[in-house]
1. Just to check your reading of the model, which residue among V246, V199, V213, V225 is assigned to a helix (DSSP H, G or I), in contact (Cβ under 8 Å) with a residue 12 or more places away in the chain, hydrophobic (A, V, I, L, M, F, W, C) and more than 21 Å from C8 (Cβ to Cβ)?
2. Please enumerate the residues belonging to the stretch 64-100 that are touching a residue at least 60 places away in the same chain (Cβ under 8 Å), closer than 23 Å to V225 by Cα and acidic (D, E).
3. When you go through G263, G253 one by one, which is the residue that is surrounded by fewer than 22 Cβ atoms within 10 Å (Cβ to Cβ) and either out of contact with any strand residue (DSSP E or B) (no Cβ under 7 Å at 6 or more places or on another chain) or of a type outside the set (V, I, T) (or both)?
4. Would the stretch 231-238 turn up any residue that is crowded, with 18+ Cβ neighbours inside 10 Å, within 30 Å of L108 (Cα to Cα), modelled with pLDDT of 95 or more and among the β-branched types (V, I, T)?
5. Given the options L260, L285, name the one that is at pLDDT 95 or above and either in a helix (DSSP H, G or I) or of a type in the set (A, V, I, L, M, F, W, C) (or both).
6. Which of the helices (runs of 4 or more DSSP H) contained wholly in the stretch 59-175 include at least 1 residues that are within 17 Å of L216 (Cβ to Cβ), among the β-branched types (V, I, T) and modelled with pLDDT of 60 or more?
7. How many of the residues making up the stretch 187-225 are more than 20 Å from W101 (Cα to Cα) and either of a type in the set (A, V, I, L, M) or buried (at least 21 other Cβ atoms within 10 Å of the Cβ) (or both)?
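The values are calculated or read from the model by the stated rules, or taken from the named source; none is laboratory data. Because the structure is predicted, anything quoted here is derived from the model rather than measured. Note that each Cβ is placed from the backbone with ideal geometry, even for glycine, and that neighbours are counted across all protein chains shown.
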Amino acid sequence: MTSSSGVCLACGTRLSPGLSTCPRVSSRVPLAEGVRRWGTGACQPPLVGRTALLERLKWCAEEARRGLGRAVWLVGAEGMGKSRLKDALVESLTANRFEVWEGSGLALPGTPAGPLLELLEATRGLRPVAGVGRMSSAEAERVAHFLEGREWQGIPASLSSESIALFDALCHALLPHRGPRILILEDWQHADPLSRALVEVLVSRLAHAPVLVLVLERTGGPGLVPPTAEMLEVGLLNPEDAQALVATRLRPGWPRDALLHVGAGHPLHLLHALAFHEEHPLVPLPSSGPAVLAARHEALSPTRREALHVSAVLGPCFPRSVLGALVGGFGALAGLEAGGWLRP
């Protein structure tokens, strides 16, 4: 294979030198109307070893649909499959007429309540709600001023009525006004303190609301899970599930035991090990998951390595259109996304 080719990390499809996007992406069934995604559509790896977690999430969603609101924190290290599990849930819920509002702790960095402001602005045209006030950045800064130096335990009694009204307006806008809704907040370890406080208020008001709040956060995040929320940990795959994941891509003659040893139950490392062997079938596998990542990075073309470096400097929420212009086109970005280096 040439230095500009590779494979899709998610499904293993071989990408020819002139192809930078996995062809299976365009064949995915579009999601239903009323769905606001934070990221664009991408090829998905198989969901292995997460049946119990997915069934629990579906149960929580069904409870929310009945008007018994739920909040769930999906917690786990990077690469454990939190987003893949979330996507599987979204695909199952859109058929049940759930509205899906998806935001990210990476949105509008440096802006108080930035993740929630961005989410509300993006969903303004999705399902507009008449008469619901929205917090501006200036209003959010005023609320942040009231919270400075306080330990957050709900709404402090010293907050003025104006500030409480702003909290109420934002919570009201996030709660569903028609059918059931799932509110998803990814990368919540990056959320600012005000956003975390607002979500804690929202969670405290879910008792009789048809909404499921699903928060995705890496292990060791800065905040605590609210006492009324449920925490589900997404950890390493057990040996049987790791074997099942490898089996979805395994071909005759491949070093199955070596792939399992390198992946060590880590879903992302297993996928990178499979991709490395597909790209370099005559090269021995590196000895560990991080070593596989380093080897795949070294094998990137100079153009893609430069694009990856620029994206790392600019940050994860920099506009894709501007990033593409800076690196000379979208081909390098699409190849990095298909190869698992960048999230779409």
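1. That would be V199, the only listed residue that is assigned to a helix (DSSP H, G or I), in contact (Cβ under 8 Å) with a residue 12 or more places away in the chain, hydrophobic (A, V, I, L, M, F, W, C) and more than 21 Å from C8 (Cβ to Cβ).
2. E78
3. G253
4. yes
5. L260
6. Helices (runs of 4 or more DSSP H) meeting the threshold: 82-93.
7. Total satisfying the criteria: 2.
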